[in-house]
1. So if R0 is 22 Å, what FRET efficiency would Glu19 and Lys172 give, r being the distance between their Cβ atoms, rounded to the nearest 0.05?
2. Report the accessible area of Phe145, computed with a 1.4 Å probe over the heavy atoms of all protein chains in place, in Å² rounded to the nearest 10.
3. Quick one: with all protein chains in place, what share of the accessible area of segment 4-64 is carbon or sulfur, to the nearest percent (1.4 Å probe)?
4. Mind checking which aspartates and glutamates have their Cα closer than 20 Å to the Cα of Lys69? Skip sequence neighbours fewer than 8 apart in that chain.
5. For segment 44-60, in order, what is each residue's ³J(HN,Hα) by Karplus, 6.51 cos²θ - 1.76 cosθ + 1.60 with θ = phi - 60°, in whole Hz (x at glycine and Pro)?
6. For Thr124, Thr160, give the ranking by accessible area with the largest first, probe 1.4 Å.
7. Under the Kirkwood approximation for Rh and a Cα-based Rg, what ratio Rg/Rh is obtained for segment 1-92?
8. Whole-Hz Karplus ³J(HN,Hα) for segment 5-17, in order, using 6.51 cos²θ - 1.76 cosθ + 1.60 and θ = phi - 60°, x for Gly and Pro?
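The values are calculated or read from the model by the stated rules, or taken from the named source; none is laboratory data. Quantities reported herein were computed from a predicted structural model and do not represent experimental measurements. Cβ placement follows ideal geometry from the backbone for every residue including glycine, while neighbour counts extend to all protein chains displayed. When the accessible area is computed, the model is the full protein with side chains, heavy atoms only, and any ligands, DNA or RNA have been set aside. Shrake-Rupley method; radii C 1.70, N 1.55, O 1.52, S 1.80 Å.
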Amino acid sequence: MPNQQKYDRILDALQELLENQKLQTISVSEIAETAGIGKGSIYYYFPSKDAILEALVERNYEKPLQTAKLLADRREISPFIRMAMIFEACRSSSSEFIKSENTARSGTQEKSFLHQKYVNHIITELKPALAEIIRQGIQQGDIHFSDPDALAEIVLIVLTVKMDNTLVPSSKEEIEATIRALVSLLEKGTENPPGSLNFLIGG
């Protein structure tokens with residue numbers, strides 16, 4: 001059975017190394033040395049350096065994502081309130097990611113690679129939860145849309161790209177305008193009156 005303490009030490013080691021080095025220059029041997037374990041032990045937990053990075057991304061943003069996933073089962077809460085909470089989970093996760101990136105010394109290409117991993121992780125993890133909430137809203141007659149999975153993916157792509165703010169750099173005003181446009185489209189797609197879903201925008 002994997003040792004959780006060693007698993008965490010491996011992730012801690014990569015995170016520490018990323019603060020001063022580019023990912024491409026970091027070797028599995030360096031990660032093992034920084035973690036204080038043998039190189040062979042790394043492969044017991046991870047098949048590759050990329051796998052370690054993916055696990056690090058997952059761990060760093062796990063809390064808001066787990067909160068979002070739990071919301072899919074809370075049928076007593078309005079689907080729109082739960083969608084707002086999903087949006088907020090995206091914001092929290094994005095804020096943590098940007099904060100960690102600002103302390104790293106990675107180059108432009110390196111940061112682009114890390115952002116790609118991050119955006120992929122957020123969309124992959126949150127899409128099933130958001131789609132389920134939309135599906136429940138359709139069943140309850142609150143939402144009128146034929147493809148909940150597609151709608152969930154569209155919403156998450158817009159949110160992650162705009163809040164990540166590196167793939168398409170925008171001003172705060174531009175980001176707010178895009179999110180408001182997204183909410184407006186959601187109102188039309190769910191047959192809610194204009195302005196009724198503004199609470200999804202959050203703070």
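1. Calculated value: 0.20.
2. Around 80 Å² of this residue is reachable by solvent.
3. 44 percent
4. List returned: Glu54, Glu58, Glu88, Glu96, Glu125, Glu132, Asp147, Asp149, Glu153.
5. Listing the rounded values in order: 6, 9, 9, x, 7, 5, 4, 5, 5, 4, 4, 5, 5, 4, 4, 5, 5 Hz.
6. Thr124, Thr160
7. Using only Cα positions, Rg/Rh for segment 1-92 is 1.15.
8. Couplings: 5, 5, 4, 5, 5, 5, 5, 4, 5, 5, 4, 5, 5 Hz.
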